[in-house]
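The structure appears below as structure tokens.
Here, each number is a calculation from the coordinates, and none is a lab measurement. Here the structure is a predicted model, which is why all the values come from computation and not from measurement. Every residue, glycine as well, gets a Cβ built from its backbone with ideal geometry; the counts of neighbours run over all protein chains shown.
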Amino acid sequence: MRKPIIAGNWKMNMNPTQTTEFVNAIKANLPKFDQTESVIGAPAVDLPALLEAAKGTDLKVAAENCYFEDAGAFTGETSPKTLNEMGVDYVIIGHSERRDYFHETDEDINKKAHAIFKNNMTPIFCCGESLETREAGKAEEWVSNQVTEGLKGLSADQVSSMVIAYEPIWAIGTGKTASADQAQEICAVVRQTVAKLYDQTVADKVRIQYGGSVKPANVKEIMGKEDIDGGLVGGASMEPASFLDLVHFND
Ligand code: PGA
């Protein structure tokens, strides 16, 4: 049985004061961590405030990115070693905004996955096709290839414990959610790809999220799909009441 994981991805939208206020508004009403995992992914500058406010609660903390080296002359980058020392649980990698605007390659993202595991955190690895790729009938092949490249060299145990987020680029921040069936279709492809690369046991363990205009109104239907174990949520994760509705999708 895979534990549901709902993760907010705030992107570059909150400051430390807002972060503290947000966590104080939700912390008493989160589901128990052993039933549903609630995660907030916040900008690096907000992580100290987020970690402090989340202490002793059922909320887990994600960074939105990191570099693949622990230390060195990499001006402006964030060290995965430091993130771990701070108490961060997850790191989101390979988001389409990072791939598109900051030119991250499959190889960079794969190196980040290795660095995150080396530093005892868990990657939330994003993949997903553009509208053009979907319309060309190549979504399955595209996503399967991203997963194959992104997971290179990871052990079966590592992949079993990680999270893969399928986020069709055309559904992110557009209000256009993939239908629950469309989301399920590609999430199944992700799981089959993991089964091919590793084995069925690993594929049965890896948790797969859908992301792209997930909101309280559609979360239940999406979460009801066989291969969907969670959501990665931007817009609808930034209001406390909406976040609580998402993590309580099952109530
Ligand atoms: P959205 O963003 O929920 O605002 O579509 C999702 C994401 O980018 O992770």
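Observations on the structure shown:
- Lys11 being surrounded by fewer than 21 Cβ atoms within 10 Å (Cβ to Cβ), assigned to a loop (DSSP other than H, G, I, E, B) and within 16 Å of the ligand (Cβ to nearest atom): yes
- Within the stretch 101-133, the set of residues being within 16 Å of the ligand (Cβ to nearest atom), without any contact (Cβ under 8 Å) to a residue 60 or more places away in the chain and either at positive phi or not hydroxyl-bearing (Ser, Thr, Tyr) (or both) comprises Phe102, Glu104, Ile109, Pro123, Phe125, Glu129, Leu131.
- Selection count where residues are out of contact with any Pro (no Cβ under 8 Å at 6 or more places or on another chain) and closer than 16 Å to Lys11 by Cα, scope the stretch 24-49: 7
- Under the condition of being touching a Leu at 6+ places or on another chain (Cβ under 8 Å) and either under 22 Å from Ser38 (Cβ atoms) or of a type in the set (Asp, Glu) (or both), the residues counted in the stretch 86-124 number 7.
- Matching residues, the stretch 51-73, being closer than 21 Å to Asn9 by Cβ and among the small types (Gly, Ala, Ser): Ala53, Ala54, Ala62, Ala63
- The listed residue being more than 16 Å from the ligand (Cβ to nearest atom), in contact with a Ser or Thr (Cβ under 9 Å, 6 or more places away or on another chain) and either within 28 Å of Ser130 (Cβ to Cβ) or without any contact (Cβ under 8 Å) to a residue 60 or more places away in the chain (or both), out of Glu69, Glu77: Glu69
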